[in-house]
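Visitor: Before I ask anything, here is the structure I am working with.
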Amino acid sequence: MSVTRVSDFTNKMLRLQHAKEILKSEFAGIDGVIDQFIDTARPWYIFPDLQERPLVINLWGMTGTGKTSLVKRFVELIEWQSYFHCDMGESAEYKWSLRNRFSDLHSHRNGLPLIIGFDEFQHARTIKANGAQVNEPSLRLIWELMDSGQFQISRDNENITYELSGAINALERALVYNIKIINGKLESEPELFKNCIKDQRFDFVHSAFIEADSIKRGAFLFNDHFLDQLLEETKVQFKNRKALDNFIGQCTGIELLAFLKQAYEDFYRPVTVDCSKALIIVMGNLDEAYPACHNFNPDLSADLFYRESLQIQLPQIKSTLKQYFRSEQIARLGHIHIIYPALSVKAYKQIIQQQIDKLKQIYHSKLGIEVHFEQSIERLIYREGVNPSQGTRPLFSCIHNLLQAPMAQIALFIQENSIQARLIHVEYQNKFILFHFIGSEHIINTLKIKPSLRIEILRRERKDNNQALVAVHESGHAVLSMLLLRKIPMQVFSSTVDSEMEGLVSNPPSNSIASKNWIKNQIAVLIGGLCAEKIIFGEDAISLGSESDLRMATQLAMKALLKNGFYKYPVSFTPAADDNNLAVSTLTEELDRECIRWMQEAEAYAVETLKNNMELLLNCSWKLSERRSVDKKDLRNLFLKFASVEDRSSWFETISESEKYREILRSQKSGAILPVMHK
């Protein structure tokens with residue numbers, strides 16, 4: 001390797017490392033994504049000439065997690081000039097946009113390294129939501145591009161074709177009249193030339209082809225506008241305008257006519273676009289791959305979303321892609337799929353801090369005063385602006401409304417009160433954002449602004465009958481989750497912001513094996529809210545709040561019985577009316593009775609378990625009736641203090657289901673006594 005090559009290699013490696021560090025400092029919560037992205041792009045960046053086909057990197061995630069911003073910033077940091085960005089979400093314009101973008105590729109970067117970004121790629125779907133295929137010819141270019149990196153395209157420029165045809169006709173007419181054109185210049189009498197073409201239909205020729213008002217013998221035949229357009233279509237032959245001018249400056253009229261005719265023919269001949277040295281970055285939102293993405297309740301834990309998203313692997317992504325694209329197209333996307341996690345609580349707090357740091361600079365540049373934001377402001381922003389399923393966009397909007405929009409009001413307040421302050425101290429207190437103007441030592445004035453809060457105002461402890469009822473219901477779920485599933489919920493709510501969800505239990509992702517025993521316990525947990533209401537308030541005082549619980553429990557039981565061999569027959573059942581009936585027809589009454597029996601057993605088990613732990617149920621319910629939420633730490637303390645002695649001791653000693661399966665296999669292999677699965 002030459003000295004120059006080694007130096008170039010070293011510089012590129014250092015630039016990539018610097019880009020990685022900057023990206024991690026600017027984008028919170030996606031360090032793993034950045035590592036994967038930089039490491040995957042490195043071979044292309046260092047040795048693009050060794051690449052025989054495009055390198056395709058796919059970035060998938062929920063909305064508002066920074067995919068587009070990351071790619072644009074990466075391009076800036078490596079100082080790459082050739083970045084072609086195509087937004088597939090431009091549904092009304094993307095056909096035109098794609099055609100023109102690909103023409104640009106042929107004109108400017110044909111066969112050379114470049115970066116192509118396909119954003120909002122889910123909108124380029126070739127399979128509709130109903131399963132029907134989309135026939136969109138313009139999209140075929142994308143899939144050809146991702147395969148070999150080479151495809152053919154017809155150019156489309158009405159201006160140049162119109163002017164070329166006019167020039168050709170004018171030249172043909174001039175040559176018929178023996179007009180002399182030597183070295184690209186008019187050598188006959190100008191009036192003779194004008195007269196020979198004046199009856200032509202091409203009036204535009206006089207302005208685009210010749211300088212009609214100032215023609216002189218020896219004048220160059222073509223004007224700059226025409227030559228510039230001609231150069232765009234002949235860049236393969238001429239590297240620059242000077243090269244084109246030199247060529248024309250050596251041509252006779254006959255040679256010029258032949259050249260223009262050849263250019264006209266070449267223009268209509270499909271050209272090969274070569275992007276084999278390209279880095280193609282596909283960016284898209286695959287909400288279906290994220291289980292909780294359609295839950296817009298701001299009270300849900302960002303950490304719960306984050307943990308669930310970490311369990312999404314390549315098979316789930318490809319399974320989701322089947323809803324959008326055909327199998328051969330998924331294959332062309334390649335095997336490099338980088339999955340964005342949902343943002344955690346820590347990531348959101350880092351983003352808030354980054355935005356506050358930017359605000360400090362904005363305040364200082366606009367007002368000339370240092371600003372300090374108290375933690376109460378950061379807490380307000382988090383509680384008002386974070387909606388875990390919607391990413392950073394609501395957060396940025398919230399920060400703008402709370403802290404950036406009032407800047408004009410602050411400037412006016414300073415002017416009207418002739419304030420000379422060295423610092424603005426900002427805090428949130430008693431439903432007001434307070435801007436304290438501090439002089440040399442003390443507060444000299446304070447501006448109070450009451451923010452328009454849309455979320456925080458809904459978070460309140462009502463301490464009424466409804467909250468007490470919801471508290472008991474949700475405590476039933478939470479207590480049974482701890483006792484039967486061995487899972488302490490991350491948070492339990494007796495009042496939420498979501499008008500369609502009065503309470504909720506936020507459970508961590510489960511990695512338990514869905515055994516028959518686990519499913520029956522899960523059913524007991526699902527109907528545990530209704531059972532808790534019956535135990536504490538009585539049969540006649542139960543509420544209507546168990547509809548979704550009962551539906552999910554019944555569906556879980558019926559699926560296990562119908563499809564998973566949990567009934568006495570080892571078969572799969574299906575409704576008799578099913579057109580693709582390749583399973584045994586449903587034994588309706590028999591299976592209904594079995595499902596009802598499961599539900600009754602689950603109810604009895606839930607009631608028995610709750611009654612054995614009444615002190616835990618009552619204390620959990622009371623705490624939830626006084627507060628709108630109880631977190632994992634409080635739930636654990638309640639369990640350790642109030643659960644029955646038997647349940648407390650067995651809770652820590654119980655071997656997990658997955659460990660028992662392995663233990664049974666090991667015991668049977670060695671001939672030992674088989675352990676019994678706990679109920």
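Visitor: Just to verify a result, which residue in region 125-148, among those that are without any contact (Cβ under 8 Å) to a residue 60 or more places away in the chain and under 24 Å from residue 54 (Cα atoms), is surrounded by the fewest Cβ atoms within 10 Å (Cβ to Cβ)?
Guide: 137
Visitor: While we're looking at this one, here's another question. Return the total of residues in region 232-244 being in a helix (DSSP H, G or I) and touching a Leu at 6+ places or on another chain (Cβ under 7 Å).
Guide: The total comes to 2.
Visitor: In this structure, is residue 523 at pLDDT 85 or above, of a type in the set (A, V, I, L, M) and part of a loop (DSSP other than H, G, I, E, B)?
Guide: no
Visitor: If you don't mind, another one. Here are 377, 424, 399, 381: which of them is farther than 30 Å from residue 62 by Cβ and either in the same structural domain as residue 350 (by TED's automatic domain parsing) or surrounded by 22 or more Cβ atoms within 10 Å (Cβ to Cβ) (or both)?
Guide: From the options 377, 424, 399, 381, the qualifying one is 424.
Visitor: When residues of region 585-639 are filtered for being under 21 Å from residue 504 (Cα atoms) and among the hydroxyl-bearing types (Ser, Thr, Tyr), how many remain?
Guide: Matching residues across region 585-639 total 4.
Visitor: I'd like the full set of residues that are surrounded by fewer than 15 Cβ atoms within 10 Å (Cβ to Cβ) and in a loop (DSSP other than H, G, I, E, B), limited to region 348-374.
Guide: Scanning region 348-374 gives a single hit, 368.
Visitor: Run residue 421 past the list (1) aliphatic (A, V, I, L, M); (2) part of a loop (DSSP other than H, G, I, E, B); (3) closer than 30 Å to residue 286 by Cα and report the number of the one that doesn't hold.
Guide: (3)
Visitor: So, one more: Mind listing just one residue for me: the one in region 71-111 that is among the aliphatic types (A, V, I, L, M) and within 16 Å of residue 279 (Cα to Cα) and, of those, modelled with the lowest pLDDT?
Guide: Checking each candidate, the answer is 105.
Visitor: Can you say whether residue 213 is surrounded by fewer than 18 Cβ atoms within 10 Å (Cβ to Cβ), modelled with pLDDT under 80 and charged (D, E, K, R), as far as the supplied structure shows?
Guide: For residue 213, the condition - surrounded by fewer than 18 Cβ atoms within 10 Å (Cβ to Cβ), modelled with pLDDT under 80 and charged (D, E, K, R) - is met.
Visitor: Would you pick out the residues in region 245-254 that are over 54 Å from the mean Cα position of the chain (by Cα) and surrounded by fewer than 16 Cβ atoms within 10 Å (Cβ to Cβ)?
Guide: Scanning region 245-254 gives 249, 250, 252, 254.
Visitor: I've got another one for you. Which pairs do you get when a residue that is free of Cβ contacts under 8 Å to residues at least 60 places away in the same chain, found in region 392-409, comes within reach of a residue that is exposed (fewer than 15 other Cβ atoms within 10 Å of the Cβ) and assigned to a helix (DSSP H, G or I), reach meaning Cβ atoms under 8 angstrom, with the pair 6+ apart or on two chains?
Guide: That search, which allows pairs on different chains as well, returns 404/362; 407/362; 407/366.
Visitor: Could you check, for region 11-26, whether at least one of its residues is surrounded by 20 or more Cβ atoms within 10 Å (Cβ to Cβ), assigned to a loop (DSSP other than H, G, I, E, B) and touching a residue at least 24 places away in the same chain (Cβ under 8 Å)?
Guide: Start the filter on region 11-26 by keeping residues that are surrounded by 20 or more Cβ atoms within 10 Å (Cβ to Cβ), which leaves 19, 23.
Adding the requirement that they be assigned to a loop (DSSP other than H, G, I, E, B) leaves none.
Taking every residue of region 11-26 in turn, none turns out to be surrounded by 20 or more Cβ atoms within 10 Å (Cβ to Cβ), assigned to a loop (DSSP other than H, G, I, E, B) and touching a residue at least 24 places away in the same chain (Cβ under 8 Å).
Visitor: Something else about it: If we only count helices (runs of 4 or more DSSP H) wholly inside region 267-347, which ones have 1 or more residues that are crowded, with 18+ Cβ neighbours inside 10 Å, touching a Pro at 6+ places or on another chain (Cβ under 6 Å) and of a type in the set (Ser, Thr, Tyr)?
Guide: 302-310
Visitor: Let me ask another. Looking at region 633-649, I want the residues that are within 15 Å of residue 617 (Cβ to Cβ) and have a partner that is of a type in the set (Val, Ile, Thr) and part of a loop (DSSP other than H, G, I, E, B) with Cβ atoms under 9 Å, at least 6 apart or on another chain. Which pairs are those?
Guide: Within 9 Å, the pairs are 635/488; 639/488.
Visitor: With respect to residue 555, is the statement that it is under 15 Å from residue 598 (Cα atoms), outside any loop (DSSP other than H, G, I, E, B) and touching a residue at least 12 places away in the same chain (Cβ under 8 Å) true?
Guide: no
Visitor: While we're on this one: Which residue out of 441, 500 is surrounded by fewer than 22 Cβ atoms within 10 Å (Cβ to Cβ), in the same structural domain as residue 532 (by TED's automatic domain parsing) and modelled with pLDDT under 90? Walk me through it before giving the result.
Guide: Details: 441 fails: in the same structural domain as residue 532 (by TED's automatic domain parsing).
None of the others qualify; the one that does is 500.
The values are calculated or read from the model by the stated rules, or taken from the named source; none is laboratory data. On a predicted model such as this, the values are computed, not experimentally measured, just so you know. Glycine also receives a Cβ, built like all others from the backbone with ideal geometry; neighbour counts cover every protein chain displayed.
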